[in-house]
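The values are calculated or read from the model by the stated rules, or taken from the named source; none is laboratory data. Not measured: the values here are computed from a predicted model. Cβ: placed from backbone, ideal geometry, glycine included. Neighbour counts: every protein chain shown.
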Amino acid sequence: MRPCKHSSWLTVYQQDDDITLAHSDRAQVLLHNLPYFESQKPSLFVLIGSASKTRALRELASASTERSIGRRGSGEICLHLDPSTTFSDRPVLVADGDILVHKNPHQAALIHKCHNVTRRILPGRSENIRSRLQVAGDSLCFRLLFPFTDVFCFFAADLGGLQPVARRLATWLNTRQPSTLPAATHPQIVVVTEPSAIENHESQLLDRFLRLLAQETAIEPSTHFAGIRILCLLPDGDVSAQARHRRLKESLMNASDQVRSARVQCRSLFSAQHMASFLTQAYSHFAENPTEPFSFIRASRIGNPAALDLREHLTNFLLKVGTLAELKSFAIPLVASSLLLDNYPPGSHHFRPQDVFRALYKDACYHACRDGVFATNDSRYLVLPSGFVKLIEDAFSDLVEKLESSAAGAATDIHRQLLVAFDSDWQALRSDDTCLTCLRRRPQYGLPCGHCACENCVRVFGKRSEADPWLFEVDSCVFCGAATSGIVVKTFPPTAGVRVLTFDGGGVRGIATLQYLQELQDKLGLPYPVQEHFDLVFCTSVGIIIVLGLITQGWSVEHCIERFEDVAEAAFQPRLSLGRIIGFIISYFADGRYPVDNLEAALQEAFETERTLLDYSRATETGTRIGLVVATIRDTSTCIFTNYNGVGTRPRGCGYFVLGLKDGSGRVPLARCGSAAPSYFKPKHILGLGTFQDGGLEHNDPGSLALEEVAAIYPLVDGPSLVLSLGTGSPRLADVPRMSPTRGVFRDGFIPRLFRAFRHSMGSINGHKFRSRQRGGHKEQYFRFDIEFDGPEPALDDTTKIQELKAAARSAIHGSEELDRLARCVVAELFVFELDHERLPLPENGKYLCAGRILCRLRANHPAFQVLLDQLSKSSAKFLFQGSPLAGSAKDASYFDEGGDFRKRVTFEVPNRGAPISIHLREGSSEPSSISGSPFTIDTLAAALQLECCFGRPDHVKRKRPGTNDRLSRKRQRR
């Protein structure tokens, strides 16, 4: 990147009645452009003054920085890199400013097109704007820069002598500590004076300065500063400028050496990469919480925060530990190791383990001990919470020391070794609420041995497929070592959009939804099941039976149609006729018109009765998440059973409940819950949870629930990119309401009125209701397929209408433009876009130069891959980047990597990180369709790919580094 002439970094200024902090990306650009920014550990000197400071800066920061030492606003801090240290292991950054002087508080600041500038209004108001500016200027140096600075250098001649400097330092001493770093890491203070003679003056001046400081405050300087020294420069003109400032540079470097040595001991010396990230977070912290200490440990976890529900997960685990011996020999080592796994992924900064534990884990461990260890009477007096916490802290510290030894390997290796050592202890432990590998997440995947694992642990301990970057192979259980017979788990491509499929309820009318899918599959012409084009599938009522067959069993649409008809014929077999009145009485006391035995027998034949939604299934292999909507019988509350175990964050009062799975909640009982339409089948009781009925009573179209769950389980995705809603038909809407006088209680009494209302709720007339909730201009592509009947829709149990429904459904969409458009969207959704992982784009001359690649969800070994390419080639398909076609066609060599997978490299530039980036696929002359997740921004792509998680990712994937020579040229061998 070509350097610009601007060095502006920080300033505070008046804007109306507010004080505003403006900060540029100057520090981030300098640090990220260092050749070995992941290993180089910079020093920061802050020079405060005016004319004398400027003369010193020219010598300290080398001549090449002169072009950026010119005009600047009053109160502005600039940042320079000493070019002679660029390739050393200790680059020297020099910040300079007159932040303590405010000649023009209204002056505009930091207006340079080649730098991104962020402005934040600081909290607080007062009538004296100049006083507020002075306080803000002091805070900028003390609360923001202080934790990052090795040495503060005050030029007394520029500031009015020693007294004003002492007064300023006293203000700092009277202020709360700016960070949580240990006191030993605090910076040194150098005060530069220019007396006429220097013999025997520096020690005397230091004594005088300390007396002045004591007059201003009773606080000991050692509480905030690592040391204070006075330096007298030779008279100006007696020697060259370089010779005059040589001693100053040596003094600054020596003071910095002492500070850096202390920071090494306290494990608080940061790499350039980590320093850049900390500064970014410190800006926000300073603007939002200017009086609160900045926690470097917590800031290092911003991209991978400690679990908010860690206490609950630890409690769940400790409740399974029965004796003091197990607690000490098994539980405590495992908890400590799980914390090691949580805090030390590759790339993390290794703070002192005691500080890490107390900042992140101590409270959760204390409360977990109280809630878990003290939960039973026989363990009440085994160990005090404080003693329990101390044991975990000690074990955690020991593991960190082991991690830092040369032969220990990574945190994953240490944790795996511990799990193997306790494999016999795992045999009796089971949990559907807490992943017992990491003790910090809900599990999602059931293994044949009965244990469950969360997705992150599958990523950490599973083997990433060489053929598919989103597929992980789990050969054995991490807990007990039992073989899994080759389980594979498909994960969600991080930059993709969510493809949603929903099935309405409607009894036998559910056959229509399968016909829509059959038509779509025929239109696509790709040799794999059409349902595998979707990431999230929601259903209710009869849709539950369909989804369990298509998604978990992996049935083809054709096979599902056959099984659907078989189940319908078996389920809707009436009881022996004993007359209408007696039949009604029997149905009333049996709580259903039809006996459940026939339905349950048909379901047991179709599904594996003992397997739950969490158990391994075709959905695990395809990465499809499902939600089954049911309702309680007491208050008809909406509940959802999922195969992702309710993972995600939902607001309180969201209007529905996501239930965990218990023993007995297999696929057949869940299918029974969904089919328990009132008056048709009696509700189904699931042990440990409750009794449930057809969810279509409240949500016969589960689309709105699916959208809520997209936000809950895909927090980084801005809503779904494709929604296909499949209806089961409803009467054609009349132009005017149907009016009639009452015809008596038998035809228009409350019972027939309730029955008509129930039938209306089970129809598809409200199929589009959740579409109105979308924001204008949202990128979601929505499709709704449904049937309109000229008269009343067929009853839920009218099996004689199945063939008629099949024909009506296919004719409703066959050859339609909407089906054509949907097929094009489905194909476009097979492609995703990723930024290059090596390094996040940085600004250059006011623009971001970026590189990325278009990838395909179907890999080269997929049976449909070549068919897809042939179709795209035949239709002369083109990818449009920002509206312009990319060169070549989908079968050109430039569209593939060396392994034969689809990979089209794209380079581009954007004005800022929030600018939209759109990619479309156009087949022939048809309307272009967005690829999955488009439009994007640099910010959303970076967040999804975790490119800015410089302290490590939760899945312990190592950052890809640019190719560089790791050997540094060291101009000065210092730590």
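Counting only residues that are polar (S, T, N, Q) and surrounded by fewer than 20 Cβ atoms within 10 Å (Cβ to Cβ), which one in the range 593-621 is modelled with the lowest pLDDT?
From the range 593-621, those polar (S, T, N, Q) are 598, 604, 609, 612, 617, 620; that's our starting set.
From the residues that got through so far, the ones that are surrounded by fewer than 20 Cβ atoms within 10 Å (Cβ to Cβ) too are 598, 604, 609.
Working: Asn598: 89, Gln604: 90, Thr609: 67.
Filtering the range 593-621 for residues that are polar (S, T, N, Q) and surrounded by fewer than 20 Cβ atoms within 10 Å (Cβ to Cβ), the one modelled with the lowest pLDDT comes out as Thr609.
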Are any residues in the range 838-858 exposed (fewer than 15 other Cβ atoms within 10 Å of the Cβ) and either more than 25 Å from Arg26 (Cβ to Cβ) or in contact with a Lys or Arg (Cβ under 6 Å, 6 or more places away or on another chain) (or both), and if so, which ones? Glu838, Gly846
If I filter the range 827-876 down to residues being farther than 17 Å from Pro529 by Cα and β-branched (Val, Ile, Thr), which single residue comes out as farthest from the chain's Cα centre (by Cα)? Ile854
Cβ-Cβ below 8 Å, separation at least six or inter-chain, first residue in the range 276-291 and closer than 13 Å to Thr118 by Cβ, second among the small types (Gly, Ala, Ser): which pairs? Leu279/Ala27; Gln281/Ala299; Ala282/Ala299; Phe286/Ser139
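From the list Ala218, Ala157, which one is surrounded by fewer than 16 Cβ atoms within 10 Å (Cβ to Cβ) and among the hydrophobic types (A, V, I, L, M, F, W, C)?
Numbers: Ala157 fails: surrounded by fewer than 16 Cβ atoms within 10 Å (Cβ to Cβ).
That would be Ala218, the only listed residue that is surrounded by fewer than 16 Cβ atoms within 10 Å (Cβ to Cβ) and among the hydrophobic types (A, V, I, L, M, F, W, C).
Being polar (S, T, N, Q) and at pLDDT 85 or above is the filter; apply it to the range 710-754 and report the residue that is surrounded by the most Cβ atoms within 10 Å (Cβ to Cβ). If you could, list the steps in order and put the result at the bottom.
Kept after step one, since they are polar (S, T, N, Q), are these residues of the range 710-754: 721, 725, 728, 730, 740, 742.
Of the ones still in play, those that are also at pLDDT 85 or above are 721, 725, 728, 730.
Working: Ser721: 25, Ser725: 26, Thr728: 32, Ser730: 24.
Among residues in the range 710-754 that are polar (S, T, N, Q) and at pLDDT 85 or above, the one surrounded by the most Cβ atoms within 10 Å (Cβ to Cβ) is Thr728.
Considering only residues that are farther than 24 Å from Leu419 by Cα and among the aliphatic types (A, V, I, L, M), look in the range 357-382 and name the one that is modelled with the highest pLDDT.
Our first condition is that a residue be farther than 24 Å from Leu419 by Cα; within the range 357-382, this holds for 358-359, 363, 367, 370-371, 374-382.
Checking which are among the aliphatic types (A, V, I, L, M) leaves us with 359, 375, 382.
On the way: Ala359: 97, Ala375: 56, Leu382: 58.
Applying the filter and picking the extreme gives Ala359.
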Candidate set: the range 858-897, residues that are in a strand (DSSP E or B) and not basic (Lys, Arg); chosen: the one nearest to Glu621 (Cα to Cα): Phe896
Checked pairs for the range 468-484, first in the same structural domain as Phe902 (by the TED database), second at pLDDT 95 or above, C-beta under 6 Å and 6 or more apart or across chains, list as none
Quick check: anything in the range 320-336 hydrophobic (A, V, I, L, M, F, W, C), assigned to a loop (DSSP other than H, G, I, E, B), modelled with pLDDT under 95 and buried (at least 16 other Cβ atoms within 10 Å of the Cβ)? yes
Can you say whether Gln265 is of a type in the set (S, T, N, Q), on the phi < 0 side of the Ramachandran plot and modelled with pLDDT under 95, as far as the supplied structure shows? no
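Identify, please: which residue in the range 625-670 is of a type in the set (Lys, Arg), within 23 Å of the chain's Cα centre (by Cα) and surrounded by fewer than 21 Cβ atoms within 10 Å (Cβ to Cβ) and is, among those, farthest from Asp615 (Cα to Cα)?
Keep residues of the range 625-670 that are of a type in the set (Lys, Arg), which gives 625, 634, 650, 652, 662, 667.
Add one more test, that the residue is within 23 Å of the chain's Cα centre (by Cα), and what stays is 625, 650, 652.
Then keep just the ones that are surrounded by fewer than 21 Cβ atoms within 10 Å (Cβ to Cβ); that gives 650, 652.
Details: Arg650: 24, Arg652: 29 Å.
Residue satisfying both the conditions and the ranking: Arg652.
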Leu44 vs (1) closer than 24 Å to Lys249 by Cα; (2) at pLDDT below 90: all pass except (2)
Could you pull out the residue among Val537, Val567 that is assigned by the TED database to the domain that holds Ser811 and more than 27 Å from the chain's Cα centre (by Cα)? Val567
In the range 689-723, how many residues are more than 29 Å from Asp939 (Cβ to Cβ) and assigned to a strand (DSSP E or B)? 5
Kindly indicate which of Arg352, Arg441, Arg430 is closer than 30 Å to Tyr616 by Cα, modelled with pLDDT of 95 or more and basic (Lys, Arg). Arg441
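Please work out if Val508 is over 21 Å from Ala828 (Cα atoms), touching a His at 6+ places or on another chain (Cβ under 7 Å) and surrounded by 24 or more Cβ atoms within 10 Å (Cβ to Cβ). Quick ask: steps written out before the conclusion?
Working: over 21 Å from Ala828 (Cα atoms): yes; touching a His at 6+ places or on another chain (Cβ under 7 Å): no; surrounded by 24 or more Cβ atoms within 10 Å (Cβ to Cβ): yes.
No, not satisfied.
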Checking Lys801 against (1) closer than 19 Å to Leu517 by Cβ; (2) in contact (Cβ under 8 Å) with a residue 24 or more places away in the chain, which single condition isn't satisfied? (1)
So the check is Cβ under 6 Å with 6+ separation or different chains; which pairs have a first residue in the range 377-406 that's of a type in the set (Lys, Arg) and a second one that's modelled with pLDDT under 85? Arg380/Phe374; Lys402/Ala408
Does any residue of the range 709-730 turn out to be closer than 21 Å to Phe607 by Cβ and free of Cβ contacts under 8 Å to residues at least 60 places away in the same chain? no
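Take the residues in the range 454-485 that are among the β-branched types (Val, Ile, Thr) and over 20 Å from the mean Cα position of the chain (by Cα), then tell me which one is modelled with the highest pLDDT. Steps first, please.
Restricting attention to the range 454-485, the residues satisfying the condition of being among the β-branched types (Val, Ile, Thr) are 458, 460, 474, 478, 484.
Subset that is over 20 Å from the mean Cα position of the chain (by Cα): 474, 478, 484.
Details: Val474: 95, Val478: 85, Thr484: 92.
Restricting to residues being among the β-branched types (Val, Ile, Thr) and over 20 Å from the mean Cα position of the chain (by Cα), the top hit is Val474.
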For the range 174-199, what are the residues that are surrounded by fewer than 20 Cβ atoms within 10 Å (Cβ to Cβ) and touching a Leu at 6+ places or on another chain (Cβ under 9 Å)? Glu194, Pro195, Ile198
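Out of Leu30, Leu60, Leu100, Leu93, I need the residue that is buried (at least 19 other Cβ atoms within 10 Å of the Cβ) and at pLDDT 95 or above. Which one?
Numbers: Leu30 fails: at pLDDT 95 or above; Leu60 fails: at pLDDT 95 or above; Leu100 fails: at pLDDT 95 or above.
Testing whether each residue is buried (at least 19 other Cβ atoms within 10 Å of the Cβ) and at pLDDT 95 or above leaves just Leu93.
Can you find a residue in the range 117-128 that is modelled with pLDDT under 80 and hydroxyl-bearing (Ser, Thr, Tyr)? Reasoning before the result, please.
Let us first name the residues in the range 117-128 that are modelled with pLDDT under 80, namely 124-128.
Among the residues that remain, those that are also hydroxyl-bearing (Ser, Thr, Tyr) are: 126.
The answer is yes, given that some residue of the range 117-128 is modelled with pLDDT under 80 and hydroxyl-bearing (Ser, Thr, Tyr).
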Can you name the number of the only condition in (1) loosely packed, with under 14 Cβ neighbours inside 10 Å; (2) of a type outside the set (Phe, Trp, Tyr); (3) at pLDDT below 95 that Asp870 fails? (3)
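When you look at Phe657, is it among the hydrophobic types (A, V, I, L, M, F, W, C) and either touching a Cys at 6+ places or on another chain (Cβ under 8 Å) or at positive phi (or both), yes or no? Full working, then the answer.
Details: among the hydrophobic types (A, V, I, L, M, F, W, C): yes; either touching a Cys at 6+ places or on another chain (Cβ under 8 Å) or at positive phi (or both): yes.
The answer is yes for Phe657.
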Within the range 887-899, which residues are under 31 Å from the mean Cα position of the chain (by Cα) and either closer than 20 Å to Ser918 by Cα or surrounded by 12 or more Cβ atoms within 10 Å (Cβ to Cβ) (or both)? Tyr895, Phe896, Asp897
Could you please give the count of residues in the range 286-314 that are assigned to a helix (DSSP H, G or I), buried (at least 16 other Cβ atoms within 10 Å of the Cβ) and at pLDDT below 95? 2
Cβ-Cβ below 7 Å, separation at least six or inter-chain, first residue in the range 653-668 and closer than 26 Å to Asn598 by Cβ, second modelled with pLDDT under 75: which pairs? Gly666/Thr609; Gly666/Glu610; Arg667/Glu608; Val668/Thr609
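Would the range 212-227 turn up any residue that is in the same structural domain as Thr149 (by the TED database), of a type in the set (Asp, Glu), free of Cβ contacts under 8 Å to residues at least 60 places away in the same chain and closer than 16 Å to Val191 by Cβ? Steps first, please.
As a first pass, look at the range 212-227 and keep what is in the same structural domain as Thr149 (by the TED database): 212-227.
With of a type in the set (Asp, Glu) added as a condition, the list becomes 216, 220.
Then keep just the ones that are free of Cβ contacts under 8 Å to residues at least 60 places away in the same chain; that gives 216, 220.
Narrowing the set further to residues that are closer than 16 Å to Val191 by Cβ leaves 216.
Yes, there is a match, as at least one residue in the range 212-227 is in the same structural domain as Thr149 (by the TED database), of a type in the set (Asp, Glu), free of Cβ contacts under 8 Å to residues at least 60 places away in the same chain and closer than 16 Å to Val191 by Cβ.
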